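Presented below is the structure to which this report refers.
The values are calculated or read from the model by the stated rules, or taken from the named source; none is laboratory data. Just so it is clear, the structure is predicted and the values come from calculations on it, not from any experiment. Here the Cβ is made from the backbone with ideal geometry for all residues, glycine too, and neighbour counts use every protein chain on show.
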């Protein structure tokens, strides 16, 4: 009688220690003192990637988000319910400084390499939470370069925080029905509110990344602006009011 045979599955080890390509790349790009200084942190994160982060990833992927358009009394709320593990991955992102590391600039320009190495280790065990983090990084850089002092003071510290209670992520809301990455046909219109001096946006985005974020960067065309790319403006918006309700935003579907 033939004995039953089952293949033994592979065991994933520390994703930093066993990644010779990553270690070799960092060894070439970083001075020895910087490399040795950040390596203990990368080893620890590599261990987390196969430990608690992997468990959170599995839980988050087993419990995808749900869209609740209405409350039990028929009021439009457009609540997005996510798994506790997804929220935990957000806390880890803040605590590990996955955005903040690039802006603390402890190692000058080399801080970006440090940041990207951490993101590289976190991403495969993040249930794609690395996607909102990429957009958050882009928003932080845009605000750092182009925001006026008031806006920069309000939002930038949240995007680069390491305290989960203060940390914000950002969506990027660009895509419309007129085309995917071709934003030249953007039909969202920005109208200035004379009472506040701010702009109000009117339109539909076909794909809105990270709708559970606290803020988003989005494209619109100010009334009277030229057509195509030259007439587009980039806007900062906060999704929810002080009570957590969406600010004149409707989620059509997931």
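Filtering the stretch 203-217 to residues that are outside any loop (DSSP other than H, G, I, E, B) and more than 15 Å from residue 137 (Cα to Cα) leaves only 207. Within the option set 103, 70, being modelled with pLDDT of 95 or more and touching a strand residue (DSSP E or B) at 6+ places or on another chain (Cβ under 8 Å) holds for one residue only, 70.
Could you count how many residues in the stretch 67-96 are out of contact with any helix residue (DSSP H, G or I) (no Cβ under 7 Å at 6 or more places or on another chain) and touching a residue at least 24 places away in the same chain (Cβ under 8 Å)?
Final tally of qualifying residues: 12.
Only one entry of 76, 91, 66 meets the criterion of being exposed (fewer than 15 other Cβ atoms within 10 Å of the Cβ) and under 17 Å from the mean Cα position of the chain (by Cα), and that entry is 91. Here residue 12 fulfils each of the conditions (1) surrounded by 10 or more Cβ atoms within 10 Å (Cβ to Cβ); (2) modelled with pLDDT of 95 or more; (3) farther than 19 Å from residue 114 by Cα apart from (2).
Filtered by the rule that a residue be within 20 Å of residue 18 (Cα to Cα) and surrounded by fewer than 13 Cβ atoms within 10 Å (Cβ to Cβ), the stretch 33-50 gives 36, 40. Is there a residue being in contact with a strand residue (DSSP E or B) (Cβ under 7 Å, 6 or more places away or on another chain), touching a residue at least 60 places away in the same chain (Cβ under 8 Å) and either surrounded by 14 or more Cβ atoms within 10 Å (Cβ to Cβ) or more than 27 Å from residue 164 (Cα to Cα) (or both) anywhere in the stretch 51-60? Looking through the stretch 51-60, none of the residues is in contact with a strand residue (DSSP E or B) (Cβ under 7 Å, 6 or more places away or on another chain), touching a residue at least 60 places away in the same chain (Cβ under 8 Å) and either surrounded by 14 or more Cβ atoms within 10 Å (Cβ to Cβ) or more than 27 Å from residue 164 (Cα to Cα) (or both). So which residues in the stretch 149-176 are part of a strand (DSSP E or B) and within 18 Å of the chain's Cα centre (by Cα)? Result: 170, 171, 172, 173, 175. Within the option set 146, 122, 128, being crowded, with 18+ Cβ neighbours inside 10 Å and either within 24 Å of residue 13 (Cα to Cα) or at pLDDT 95 or above (or both) holds for one residue only, 122. Scanning the stretch 98-113 for residues that are surrounded by fewer than 20 Cβ atoms within 10 Å (Cβ to Cβ) and touching a residue at least 12 places away in the same chain (Cβ under 8 Å), we see that the one that is nearest to residue 140 (Cα to Cα) is 103.
Answer with yes or no whether residue 118 is under 26 Å from residue 221 (Cβ atoms) and in a helix (DSSP H, G or I). For residue 118, the condition - under 26 Å from residue 221 (Cβ atoms) and in a helix (DSSP H, G or I) - is not met.
So is residue 226 over 26 Å from residue 69 (Cβ atoms) and without any contact (Cβ under 8 Å) to a residue 12 or more places away in the chain or not?
Values: over 26 Å from residue 69 (Cβ atoms): yes; without any contact (Cβ under 8 Å) to a residue 12 or more places away in the chain: yes.
The answer is yes for residue 226.
Please determine whether any residue of the stretch 177-197 is within 29 Å of residue 96 (Cβ to Cβ) and assigned to a loop (DSSP other than H, G, I, E, B). No; the residues of the stretch 177-197 include none that is within 29 Å of residue 96 (Cβ to Cβ) and assigned to a loop (DSSP other than H, G, I, E, B).
Of all the criteria given as (1) surrounded by 17 or more Cβ atoms within 10 Å (Cβ to Cβ); (2) within 28 Å of residue 86 (Cβ to Cβ), the one not satisfied by residue 141 is (1).
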